[in-house]
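Before we start, here is the structure in question, set down as structure tokens.
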Amino acid sequence: MDDAEVPPQPTHPPAAPAPPPPIGPGRRRTRPALVAGVLAGALVLALALVHVARSGSGSGGDGGTGRQLARPAAGAGDFRAQAAGLVVLDGVSGRVQVTADPDARTVSGGFRRQDGEFAALRGTVARDPASGGEALTLRCEDAAGTGQPCAGDLDLTVPASTGLRLRQTSGETALTGLGGDLSVDAASVRLTMSGLHPAHAAVTVASGSADLGFAAAPADLDLHAVSASVALLLPPARGGYAVTTAASSASVQVAVERDAASAHRVALTVTSGSLSVRNS
């Protein structure tokens, strides 16, 4: 049987593309010049916003008396700020920890409220009238930016040469390795200070207890204890210490080498408490 011959199949030309839909009264063709103009305007606006943001980060809303430098980091309450010669914490309570790090170039840390609500740290750098240098003053704010007491857990890491001015109303405090001038006024606290090497230090402890450890002999140390139990550790110093004591209803024991002509002056004032001073 012969193979059946397959008749040739008709060929069809490809379908022509559909014409574009008509442009109605409310639609216009986009012109390349118009698109370029819109993009250029958006770029100018973005650059202006960046400039404003950078300008705002260098000056605070405090009437020009200081620079707002502390800013939130990854989490609520976390921050990083430019280092200053002095950090000021005024009226804090709760747990406070300040640690000096020889490798640190900024002040960093975090704050958490005791009730778990949102909190943030803000800092203003301005000239300190007492010391004449720049001081970074930290304060706490809620989610609305309203100032509030710093009551909670506060952790700071600072450069080794940073000084500290601290006023604490209650809680627990640990200060480690600070080398700048130190001023502490603490009430109803458990205070621990270790590895300190400031030239000048003034410490007041009322109604609490304190262990104060110095890694280097201070030039001037003023210690006031009221209804508190305090232990002071001082490293041996060439020529000893020029120690003066004023005590009222208190127990004071001084077991370091003493020399009234020493360049290391230690003034002790104790009221209704106990104080022991010995070499570390």
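Keeping all protein chains in position, work out how much accessible area T137 exposes to a 1.4 Å probe, and write it in Å² to the nearest 10.
Result for T137: roughly 60 Å² accessible.
FRET efficiency for N279 and R105, Cβ-Cβ distance as r, R0 = 30 Å, nearest 0.05? Intermediate results must be reported in sequence, preceding the final value.
Numbers: r = 34 Å, r/R0 = 1.13.
With R0 = 30 Å, the Cβ-Cβ based efficiency is 0.30.
Taking the Cα-to-Cβ direction at E117 and at Q82 and moving 7 Å from each Cα, how far apart do the two end points lie in nm?
3.3
Further, regarding this structure: Given 0.36 nm per residue, what is the gain on full extension from E134 to T176 after removing their alpha carbon distance, in nm?
Once the chain is fully extended between E134 and T176, it gains 13.0 nm.
If you roll a 1.4 angstrom probe over the protein chains with everything in place, what fraction of the accessible area of segment 172-241 belongs to carbon and sulfur, to the nearest %?
After summing per-atom areas, the C and S share lands at 54 percent.
Classify segment 164-259: rounded, prolate or oblate, from the alpha-carbon gyration tensor (a ≥ b ≥ c, eigenvalue square roots; a/c under 1.5 rounded; otherwise prolate if a/b is larger than b/c)?
oblate
Would you compute, for the Cα atoms of segment 142-206, the largest minus smallest coordinate along each principal axis and list the three values in descending order, in whole Å?
40, 28, 15
Same structure, new question: Counting only heavy atoms of the protein chains, get the accessible area per residue of segment 81-222 (1.4 Å probe) and round it to a whole Å² value. Mind showing how you got there, number by number?
Values: 5650 Å² over 142 residues.
Accessible area per residue: 40 Å².
Taking 35 Å as R0, compute the FRET efficiency from the Cβ-Cβ separation of S249 and A144 and round it to 0.05.
0.15
Could you give the distance between the Cα centres of segment 252-280 and segment 123-166, to the whole Å?
Using only Cα atoms to place each centre, the spacing works out to 31 Å.
In nm, to one decimal, how far is the modelled label at A206 from the one at T271, with both set 7 Å along Cα→Cβ?
0.8
So what's Rg/Rh here for segment 95-239, counting alpha carbon atoms and using the Kirkwood radius for Rh?
0.97
Could you grab the relative contact order for segment 81-167? Cα pairs under 8 Å, six or more apart, rounded to a whole percent. Walk me through the numbers on the way to the answer.
On the way: 199 pairs, mean separation 42.9, N = 87.
In percent, rounded to a whole number, it is 49.
Fully extended, how many nm does the chain gain between R190 and T169 (0.36 nm per residue separation, minus their Cα-Cα distance)?
Taking 0.36 nm per residue and subtracting the Cα distance, the gain is 6.5 nm.
The values are calculated or read from the model by the stated rules, or taken from the named source; none is laboratory data. Please read all numbers here as calculations on a predicted model, not as lab measurements. Every residue, glycine as well, gets a Cβ built from its backbone with ideal geometry; the counts of neighbours run over all protein chains shown. Heavy atoms of the whole protein, side chains included, go into the accessibility calculation; ligands, DNA and RNA do not. Shrake-Rupley method; radii C 1.70, N 1.55, O 1.52, S 1.80 Å.
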